[in-house]
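Working notes, structure below.
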Amino acid sequence: MALRTILVEGNPTLNKVSRPVVKFDDRLHVLLDDMVETLRDANGVGLAAPQVGILRRVVIVDTGEEILELINPQIVEQSGEQVGLEGCLSVPGKYGIVTRPNVVKVRAQDREGLWYEAEGEGLIARAFCHELEHLDGHLYTEKAERFLTQEELEAMYQEDEEEE
Ligand SMILES: [Zn+2]
């Protein structure tokens, strides 16, 4: 396994539409393993293949219990609404307020090509929406209602330190 470089906002690859995965081969498995390692190293919740420069419809989301590998994912059901803080590994140091559905069900293939469904609530539902948008070349910054100010960011980092 190897760490991959995470592309940052401004890199044109992040604005491109990713292609479906058709081969569930070793190359895909290496990509997935590398993405898992890269996500853990960055302490993120989710990562999409275009963020590491691969324009394929591959997303991983860490639910806290397991890492879901979502290949060719689609949202099949969504309900409710949540308004909350969102950040992106490709937009370091920035956080914005984004409205998302509160419960999201996705249908995707696993690394062997088998279809399955996964449901997420709260943060996980948010991650599903956020990561799937990467596959169509969109960043959350396009839909953020506003971004945290420098003071709000400092207050947030301070709270984190107090919790630790
Ligand atoms: Zn992102």
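Kyte-Doolittle mean at least 0.0 and Cα extent at least 15 Å along the axis: which DSSP H helices of the chain qualify?
Once both thresholds are applied, what remains is 123-134.
What is the stretch 1-86 by shape, rounded, prolate or oblate, if you read a ≥ b ≥ c off the alpha carbon gyration tensor as root eigenvalues and call it rounded for a/c under 1.5, prolate for a/b larger than b/c, and oblate otherwise?
On the way: a/c = 1.30, a/b = 1.26, b/c = 1.03.
Here the stretch 1-86 falls in the rounded category.
May I ask you to list the residues of the stretch 113-139 whose amide nitrogen lies under 18 Å from a point 7 Å from Cα along the Cα→beta-carbon direction of ILE75?
Answer for this model: 117-139.
Amide H to amide H, which residues 5 or more places from ARG57 or on other chains are under 5 Å from it, using H placed in the peptide plane?
ARG19, VAL21, ASN72
Running Debye on the chain with equal point scatterers at the Cα sites and no solvent, what base-10 log of I(q)/I(0) appears at q = 0.18 Å⁻¹?
Those come out to -1.17, one per q.
How long is the gain from MET1 to THR141 if the chain were fully straight, where each residue apart is worth 0.36 nm and the alpha carbon distance is subtracted?
47.3 nm
Set the Förster radius R0 to 35 Å, insert the Cβ-Cβ distance between VAL83 and ARG111 as r into 1/(1 + (r/R0)^6), and round the FRET efficiency to 0.05.
On the way: r = 34 Å, r/R0 = 0.97.
Calculated value: 0.55.
Can you tally the net charge around GLU117? Count Lys and Arg as +1, Asp and Glu as -1, for every other residue whose Cβ sits under 10 Å from the Cβ of GLU117.
0
Read-outs throughout are calculated quantities, based only on the coordinates presented, and are distinct from any laboratory measurement. The shown structure was predicted, so the numbers you read here are calculated from the model rather than taken from an experiment. Because the Cβ atoms are built from the backbone with ideal geometry, glycine has one as well, and the counts that use them run over all protein chains shown.
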